[in-house]
1. Looking at segment 160-257, which GluC sites (Glu not before Pro) are in a loop (DSSP not H, G, I, E or B) and have at most 14 other Cβ atoms within 10 Å?
2. Is it possible to state the helix-based mean residue ellipticity at 222 nm for the chain, with each DSSP H run of 4+ residues giving -39500 (n - 2.57), the sum divided by total residues, to the nearest 500 deg cm²/dmol? What is it?
3. How much net charge surrounds Gly543 when only other residues with a Cβ under 11 Å from its Cβ are counted (Lys, Arg +1; Asp, Glu -1)?
4. Multiplying the sequence separation of Glu626 and Val65 by 0.36 nm and subtracting their Cα-Cα distance, what value in nm do you get?
5. In nm, to one decimal, how far is the Val173 label point from the Val34 one, both placed 7 Å along Cα→Cβ?
6. Please give the contour-minus-distance gain from Gln413 to Tyr159: 0.36 nm per residue of separation, less the Cα-Cα distance, rounded to one decimal in nm.
7. Below 8 Å between Cα atoms, with a sequence gap of 6+, how large is the relative contact order for the chain in percent?
8. Please work out the FRET efficiency for the pair Ser252 and Lys668, using the Cβ-Cβ distance as r and a Förster radius of 60 Å; give the result to the nearest 0.05.
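All of the numbers you see were taken from the coordinates with simple rules; none came from a lab. On a predicted model such as this, the values are computed, not experimentally measured, just so you know. In this analysis, Cβ positions are derived from the backbone assuming ideal geometry, glycine residues included, and neighbour counts consider all displayed protein chains.
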Amino acid sequence: MNPQLTRPIYWNVEFPGIDLFIPVVGILLVAGVVYGFFQRVRMWRALGQPEIRWDRTWERLLRVVRTGFGQRRILTHSYGGKMHTLILVGFVLLFIGTVLVAIERDICQKLLGIRPVAFLFGHFYSVFSFILDLAGVMVVVGCLMALYRRAFLKPRHLYGNTGFGKWTVFLLVVTLTGFYVEAARIAHSAFVIEGDHIVEAESALEKWASPIGYMLSLVLPSAAVSPKAQHLVMWWGHAVLSLGFILGFAYSILLHAFTGPANIFFARFESTGALQPIANMEEAESFGVTTLDQFGWKTLFDSDVCVKCGRCELHCPATITGKPLSPKRIMVSIRKVWEPVAGKLAAGEAVAEFPALVGNAITEDEIWSCTTCGACMRECPLFIEHIPAILDLRRARVMMESSFPSEAQITLQNLEKAGNPWGLDNSARADWAKGLEVPTLEQGAEPEILLWVGCAGSFDVRAKPATRALAKILKAANVSFAILGKEEQCCGDPARRIGHEYLYVTLAQMAVETLNGYGVKRIVTGCPHCFHTLANEYPQLGGRYEVLHHSEYVDELIRAGRLAGIEIGESLATVYHDSCYLGRHNDIYEEPRNLARAAGLELAEMQRTRERSFCCGAGGGRMWMEEHLGDRKINIERSEEVIASGAKQVAVACPFCKTMLKDGLKEKGREDLQVFDIAELVAERISG
C-alpha cells in the first residue's frame, strides 16, 4: 500500500492557544482591511455627488469576472501583462491554499473532530502541494520581472508609481520565506498517515508533491542549526511578514486589489464617449464642475483607484504629441486635492470652502488638449472614466466662466445662429444633392431610411463627394430614402464636446422633435460623430431610433444581395484608418473593411489600428481649434504612420478624419496619397 502523504499543520510550532491565536489575529487583520476600505468609501461618498452605479448587478459581476479576474486589458501589454498575471494568479492560488489549510485545521479537525486528517492527504495533498509550489514560483518570477522592469527597463509612463516597488520586494520576501519554511520541514522529514497517526517518513517522498521545497531542502545549510530549529524561526518570520502584508492591503496602493474590481463593477455600460446630461439644467445654479464637491462620487473613486500605471498616457494622442494633457495626471491631481478635504468631511469636520480645480491643480491647457478619442478609457485596466471628468471641467469653464479658446467661441456662435459650425446659410443644406433627385420628408416621402447627412456632409467640399457617393449606392440598391434638407441642423456634438451643454440640448431637442414628428425609425449617417450622438445620447432626450453608420448599412445591403453590380477594379493597396467615434467608442471595425474587400481593394493596416487606432486630432471639438501646443500636430503623427504603411491610398469612414489626414499628408508633401471615404471607393465601382 502506497504511503498517504500529508502535512501536519502547525508542526513544530504547536503551543497552547495557537488554534485561537492565529484565527483571532487573522480576523483582526481582515477587520482592519475592511475598516480601511470603508474609510475610503466614506470619503468618496461624503464629498461626491450621488450616482446610481449598481443596477444590472449580474451583468456587472460578469464583467468583473471576465475583464477583471480574466485580465483582458492587462494582457494586451505583453511584458507588464504577463508580469501582473503571474503575480495575481500565483497570489490567488496561495490564498486559496491558505483557506483550505484553515478549513482542514479549524473546521474539520478542531470543530468536527475528524482525525488525523480530513482531506489534505494522499493524491489530493500531492496535487494541492504541487500547485502551491507552482503558485509560489509564479509569484517569485512575476516579482523579479517587476523589479527588473523598474531597475533596468524604467518605462517613462511609470513615473510617480513609487508605491509598488517596496511592496513587490515585500511580497517576494514573503514568498521566499514560505519556500524556506517548506524546505526546512522537508529537510527534517516527510510525513505520512499510519492508521490514526501522522508519522515521519523519508524526505524523498515529497520530491513530486513539493518539488521546489524538496530541491531547496537538499541545499539547506546544515551548520550547527538543525532544519527543525531553522523551521521554527522562519515559520514565525514568515507568519509575521504575511500578516503585515495582508494589513498593507488597507493602507497602501495594494488596496487596488479590492477597489479595482469594485471600479470595474461600477463602470457604466454606455459607450465610452457618451456623456451624461446635467440634471435639472433649467433650475441648476451651476453647470459642470468647478470644485471637488461637484463631481459625482464615481469620479473621486476613479481618482483613488488609479495606480499610476500610465497605460492611458502610452496611447493618449495629446500626451504622445507633447501636449500638456496626461489622463493619469488629471486623476492624480483630483486625488491630491480631495484627500485632505474628504478626510475632514468623513471625520465630521466642516469645510469652509472647496478649492477650484482648474487654475490650481489642473491647467486650462490640459482640459482643452483632449480630443475625447477614448484611448485612455479603452486602455485603463481599472475602467477609470477620464473623458467625463475632463468634459465636466470644460462645461464649467464654458457655461460658468465663459473661458475657452477663441476658435471654439466662433464655432459656438455659428451653431447658435446658423445651426452649423461654419455659420453657413442652412437653406443650402441640400445643395449637395442637386441633380440626384433626393426627396425630403417635408415633401411627404415615407422612406425605408432617413439619411442624416450631417454638417460636414452638407457643407464641406471635401465631405460632399462622400455624401453623393452614398446616395448613389442607395439608389443602386433601390433603397427608399429621404433627407431632412433645410430642416436638418447640427446634431449638437461639437457644442457638447466643447462643453456648452445648454446649446447641445437646444439643438438636440429641436432635432428630436423633428424626427419624432415624422415618425422616423431608422437613420443612416456617414458621420461617426452624428452616429454616436444620435445612437447613444439622443435617447436621453426621448429620441430612440435605430441608427446605423453608412458602413454598417452598405455592408448589410451587400450581404442581403441588394447591391449588385460592384465591378472589381484595380486592387490598390489601401490602408483603412479607424475613426475614434466609430471604432473605440462604438466597436465598429469590420464593416468598413468588408466594404473595402467587396470593392476588390488590397487592405493594409497601420501599426496602430482597430482598438488602438491613433486619433486624427479632430474629436472633442478640436476640429474647429488650431493646435498651438506640443511637439507636433496629432494629424501629422497619424499621417506619418499612413506613409509608413506603404499604401497607395487611404480609406476613412469619417469626414473629419478625411480632412485631417488630407491636411497632414499635404504638409508632409504626400498629396499623391489620396484620402477617400469608404463610400466613395464602393460607389466608383458600381456599374452605371
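1. Qualifying residues, ordered by number: Glu202.
2. That comes out to -15000 deg cm²/dmol.
3. Net charge in that neighbourhood comes out at -1.
4. Difference between extended and current length: 197.6 nm.
5. 2.9 nm
6. 87.3 nm
7. Relative contact order comes out at 12 percent.
8. So, using R0 = 60 Å, E works out to roughly 0.80.
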